[in-house]
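J.: One structure is given below, represented as structure tokens, and several questions about it will come after.
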């Protein structure tokens, strides 16, 4: 019997070694792999009802990473566009490290899940990737150059990072959270609205975001050197302080920067932010920049007398970071103590912004605060009765207190 | 070669058997039971727990194996026949987990879907495990417990910050029909209650053994229920799309850190425990075959069983959905019969051999006892007759 | 009639001739001398392994100054040797002569007196190269079994210490000694070891590794089945735990049984430093073994099958480093591992004066220049170097790790990430089912023996080690009692 097992072992080992050395296992070698860092999707300019797909491929270099943008100007579906990247460049695109899905502004006019569905279906695209809408075309946005010389994707990802979320300037979301909202009863969601501000001057020829790749740029246009396009040698700065609201996958409204900040302070994981408030001091309006630390926040839905009440309870500590008036020595020394008038002004400002958001939600149908979900979870019996009119009939109740440090 | 410890059975229930429910079961269950998946799974666990408790109670009453009990009650031939049926059922019940594992491995551990050749070595490993006997099941449980505990805890801790447990509300929203459908169609994943029956006679019952095993089972069940809660809390409406949550629930904490997908270390650890889990029903099947045909060398039933599973894997390579639907919707009575009814019926088996139904040694001993009893009775009768005569 | 079976008679020339016929080798010499009254005497000895000075001083001199003894007993009274034996037949006399103990023949007296004057050239007791410690004893076994026995006796001064010797080897007649503590070691283990050794009929035993293979339950296994040590303190500690030991003449490596895999992760120094330090060191060794085994395989699997294993920044660095390398990652790593094994093998065998030059070649040519030439990539060199170094944290397992590591790389390169898991499972199943002398190889982890975990990967303080390991089936379980222990409250 030992001889039998010896033969079995030898045959198995031989087969394994043959497989190993032949290396013909349908493997995709890393050297032939295009590591896609970001995907940009726009409506095709060449044909109606088709899509333009831009893949930003990270090109490893001995000194720094470069990026190569490969655009497929017209594809039936996003999946077809990505497969086209393989055909045209000879590289096999892998999306496992895709960190960003950027949708052009025109895509948001229709149901964005016509294009996002590909990423949800694919097992090889992480649903933790960031999703954003950009001003103009995604192809141009991905062609922008970063002032710190890194990949455009990295620069945008920094703007949309969880650190940025914590300071309340940006509403960050990933594919999973956006899809959850879309498929929920509320059919609502939000995406950061990315804009490009051609402000910063870079020190030299920028390597990030626009370096031309080595080979494989036939077919669709590979936009390279976008440091040259548009900004005349200057790098671009990205701003995501606005937020686009969605209902049933379509663009419903846009929140301004102040509204975005208010939403973040009330609802998301933001617990520390800077904001501006105008208060009267000695009869003159003065703008104060406040540092705000949220210590407590909650939102609840209740039904009182048949009326849905959405109550916000927020407790925060504030400190004056700056003011547009010359402060006396005393006032500057007591910077931790915020005058009551300023605190009250901050509370009013907060309430106004939240009210504005609620109005936009009611007008657009976007259930940004998840009221329908809260109704379904906490009042399942009343859900059917209130579902359709909830956003328009809900009244807001605010219990917002700003305190000063003593 | 076939001896286990009670501690190892406890570890099996706590750490090895729960892994079967971490792969495709959550998304399948959420399809039927929606946010009431905890209730649905809880029903299954309750039923399993009752069966396990009763089987452990049986083990406290006898140290014979199931084969012996069947032989005492129905005879050798019937016992062998039942064991062959059990063996076939165990292979049948292993088919779905094997296909599940295959797809999980292909999708999660590779980025370009490889050919079936990447999975086939599993059957060689399983064959090797089957040759080694029941002892390896117990020892693998000793190794698996710390691996599973560490990996599972790490994954849950990484996943918890992203879970919204409010998604489980409101309780009962899926309705009684949804909950019971989820429980009924989930039966292919709840076959472990059969295992203690096959371990009967292969371990020494200790004082409080039933409670220890139940506690371990409860720990395993608790882990699965926690996992289901976290899963639904993370994915909510997307639950039915999230087919391999094991590979995804922890990534939201790690993916953008410097170390990247460090959670893969824990996923691989649990995948290793999955391999051990998959081998268990096949090992038990081979054990049953060998009980039925004791003169067969272990390598033959081991090779045969694994070859059969390999053939099934090849034939159904592209038909997982069909197999799953068949197992859930049409084959659930088979699971009910073997995993729930059979252990309950085993409580009624004779624990001592009837005349002629034990082993030859037992039969000879029983015959000698019977002869001695008869002789003693005859002598007693003769003595009484003599006394009566003397009295007269 | 076989000459070796012939008895030694009273006639000296006949006896000498008989012995020289059996031992015709030129290094077997005969020293003849006469007693005071003219009786002839002869000492037959082997040149090179006999202490000629003692022979002359303690045997020849007293006999030449005295009258011829009439019997062997009388002769022994004249001699000054502490070790003397009688040899009645030529065979036993010849085997003693070959062992270095000369046979003294006296004309007129039947038989021979064997004198214990063995003097074999042995090296000094030094620190073994494979078990260097910073703290603790530095002695190591040498090739002479008597010295080794002495080193053991020095540490265990108990009548319970037994050294049962046998001779193994038809031509080598190597002395093999089974060492155990009566009342502590399981008698069944000792019996089995003795039976296995006695059952061996072999020409010669040059080293203890031969005996180890006979004692192993699966001699063809890649994994060790028998424990080894070169240090007497470690050997004695293992005896005191309940193991049995085997000393082999001619080998500095002592064997211990039963063997568990976890003992290779322990070092003597662990018992001489703080338990926390010892625990960290043991865990470090385990981590190093995992790195040695898995790092190359995962590196290959990540590049070929699962890029997601690597963080994005690291992936870019590696990807940049491997641009233009002609070999695939799996082949590259395989060849580098083979080169590593060649380097290790060469460094063991090369003369010291060449070592410097060859290490320069190894470092510069094979490392730096190969990378600059684009034949191999820097990440691969780093991976292989790290893996190679990590394997040496557990020196006793290095050979096994080298082979298993290459197997992992082949599996990773052909089957992928799942292949690594399958091979791990296969190895675990193999180890779990390997029992030797009633002790599972993976004890105390599988089967789990909680009491024995205190001195496995973890090392607790000495007060916790009250009992011997439960996995050994000896009767005497208690090894530590502390009377009147006062716990320090300060």
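Readers should treat all values here as calculations from the given coordinates under stated rules, not as data from a laboratory. Computed from a prediction, not measured in an experiment: that's the story for all the values here. Quick reminder, even Gly has a Cβ in these numbers, built from the backbone with ideal geometry, and neighbours come from all protein chains shown.
J.: Sorted from fewest to most neighbouring beta carbons within 10 Å, what does the list A:366, A:310 look like?
T.: Sorted ascending by nearby Cβ count, the order is A:310, A:366.
J.: When averaged across all projection directions, what area in nm² does the alpha-carbon convex hull of segment C:3-115 cover?
T.: The orientation-averaged projected area of the Cα hull of segment C:3-115 comes to 5.8 nm².
J.: How many Cβ atoms of partner chains, on average, are near each residue of B:228-237 if near means within 10 Å of its Cβ? Working shown, then result.
T.: Working: counts 0, 0, 0, 0, 0, 0, 2, 4, 8, 8.
Per residue, the average neighbour count from other chains is 2.
J.: Still on this structure, I have one more. May I ask for the percentage of alpha-carbon pairs in segment B:239-293 that lie more than 17 Å from each other?
T.: Values: 852 of 1485 pairs.
That fraction is 57 percent.
J.: Using all Cα-Cα distances in the protein assembly as shown, what percent lands in each 10 angstrom bin from 0 up to the longest?
T.: Distribution as computed: 1, 7, 12, 15, 16, 14, 12, 9, 6, 3, 2, 2, 1, 0, 0 percent.
J.: How would you rank C:116-127, B:112-123, A:33-44, highest first, on the average number of other Cβ atoms within 10 Å across their residues?
T.: Highest to lowest by the protection proxy: A:33-44, B:112-123, C:116-127.
J.: Once the mean 1/r over all distinct Cα pairs of segment A:68-114 is inverted, what Kirkwood radius in angstroms do you read off?
T.: For segment A:68-114, the Kirkwood estimate is 12.1 Å.
J.: Shielding by partners for A:118-129, please: the mean number of other protein chain Cβ atoms within 10 Å of each residue's Cβ.
T.: Partner Cβ neighbours, averaged per residue: 4.
J.: If I model a spin label as a point 7 Å beyond the Cα along the Cα-Cβ vector, how far apart are those points for residue A:348 and residue C:53 in nm?
T.: 11.3 nm
J.: Using Cβ counts within 10 Å as a stand-in for footprinting exposure, how do B:110, A:183 rank, fewest first?
T.: Arranged by neighbour count, lowest to highest, B:110, A:183 become A:183, B:110.
J.: Right, here's the next one. Within 10 Å, count the other beta carbons around each residue, average over each peptide in A:270-278, C:62-70, A:380-388, and list them highest first.
T.: In decreasing order of mean packing, A:270-278, C:62-70, A:380-388 become A:270-278, C:62-70, A:380-388.
J.: May I ask you to work out the translational diffusion coefficient for segment B:41-156 at 10 °C, viscosity 1.306 mPa s, via Stokes-Einstein with Rh from the Kirkwood sum over Cα pairs, reported in whole µm²/s?
T.: On the way: Rh = 18.1 Å.
The calculation lands on 88 µm²/s.
J.: Can you order the peptides A:158-164, B:365-371 by their average number of other Cβ atoms within 10 Å per residue, highest first? Numbers along the way, then the final one.
T.: Details: A:158-164: 16.0, B:365-371: 11.9.
Taking the mean over residues of other Cβ atoms within 10 Å, the ranking is A:158-164, B:365-371.
J.: Now a separate question. As a test of understanding, state the convex hull volume per residue of chain C from its alpha carbons, in Å³.
T.: Spread over its residues, the Cα hull of chain C gives 219 Å³ apiece.
J.: Using only alpha carbon pairs under 8 Å that are at least six residues apart, calculate the relative contact order of segment C:145-259 and give it in whole percent.
T.: 31 percent
J.: Most mobile of B:324, B:169, B:101 per a Gaussian network model of chain B (Cα springs, under 10 Å)?
T.: Looking only at B:324, B:169, B:101, the largest GNM fluctuation is found for B:169.
J.: Please state the relative contact order of segment C:276-436 as a whole percent: Cα pairs under 8 Å, 6+ residues apart?
T.: The normalised contact order for segment C:276-436 reaches 44 percent.
J.: I would also like to ask the following. Under a point spin-label approximation (7 Å from Cα along Cα-to-Cβ), what is the residue B:374-residue C:352 distance to one decimal in nm?
T.: A separation of 9.1 nm, rounded to one decimal place.
J.: By how many degrees, 0 to 90 and rounded to 10, does the Cα axis of helix B:135-159 deviate from the longest principal axis of chain B?
T.: Tilt relative to chain B: about 30 degrees.
J.: What's the long-distance tail for segment A:257-404, i.e. % of Cα pairs beyond 20 Å?
T.: Value for segment A:257-404 (Cα pairs over 20 Å): 52 percent.
J.: Taking chain B as a Gaussian network, Cα atoms linked when under 10 Å apart, which of B:248, B:295, B:287 shows the biggest mean-square fluctuation?
T.: Maximum among the listed residues: B:295.
J.: Let me ask something additional. Can you figure out the FRET efficiency of residue A:304 with residue A:163, using R₀ = 35 Å and their beta-carbon distance, to the nearest 0.05?
T.: 0.35
J.: If one takes the longest principal axis of the Cα atoms in chain C, at what angle in degrees, from 0 to 90 and to the nearest 10, does the Cα axis of helix C:378-391 lie?
T.: 40 degrees
J.: Could you tell me whether segment B:277-363 comes out rounded, prolate or oblate from its Cα gyration tensor? Rule is a ≥ b ≥ c as square roots of the eigenvalues, rounded for a/c under 1.5, then prolate if a/b exceeds b/c, otherwise oblate.
T.: oblate
J.: Let me ask something else about it. From the C-alpha gyration tensor of segment C:196-344, pull out the three semi-axes of the equivalent ellipsoid (sqrt of 5λ each), sorted largest to smallest, in whole Å.
T.: On the way: eigenvalues 338, 99, 31 Å².
Over the Cα atoms of segment C:196-344, the ellipsoid semi-axes are 41, 22, 12 Å.
J.: With a ≥ b ≥ c the root eigenvalues of the C-alpha gyration tensor of chain B, is it rounded (a/c under 1.5), prolate (a/b larger than b/c) or oblate?
T.: Here chain B falls in the prolate category.
J.: For labels at residue C:369 and residue C:477 in the simple 7 Å Cα→Cβ model, what's the distance in nm?
T.: 6.5 nm
J.: Same structure, new question: Counting only other chains, and only Cβ atoms inside 10 Å, what mean value do you get across the residues of A:369-379?
T.: 2
J.: Let's test the formula: R0 of 35 Å, r as the Cβ-Cβ distance of residue C:5 and residue C:34. What FRET efficiency results, to the nearest 0.05?
T.: 0.70
J.: May I pose another question? Which of the three applies to segment B:104-216, rounded, prolate or oblate, going by the alpha-carbon gyration tensor with a ≥ b ≥ c and a/c under 1.5 meaning rounded?
T.: oblate
J.: I would also like to ask the following. With n ≥ 4 as the cut-off for DSSP H runs, can you work out [θ] at 222 nm for the protein assembly as shown, using -39500 (n - 2.57) per run divided by the number of residues, rounded to the nearest 500?
T.: For the protein assembly as shown, the value works out to -14000 deg cm²/dmol.
J.: While we're on this one: Relative to the longest principal Cα axis of chain C, at what angle does helix C:232-241 sit, 0 to 90 degrees, rounded to 10?
T.: Tilt relative to chain C: about 80 degrees.
J.: With 10 angstrom as the radius, rank B:193, C:290 by how many other C-beta atoms surround their C-beta, starting from the fewest. Write down the numbers at each step before the final one.
T.: Values: B:193 25, C:290 11.
Lowest count first: C:290, B:193.
J.: Averaged across orientations, what area in nm² does the convex hull of the alpha carbons in segment C:276-436 project?
T.: The directionally averaged projection comes out at 11.9 nm².
J.: Here's a follow-up. What number, in percent, do you get for the relative contact order of segment C:3-115 if the mean sequence gap of Cα pairs under 8 Å and at least 6 apart is divided by its residue count?
T.: Dividing the mean separation by the residue count of segment C:3-115 yields 37 percent.
J.: GNM, chain B, Cα, under 10 Å: largest mean-square fluctuation among B:71, B:61, B:375?
T.: B:375
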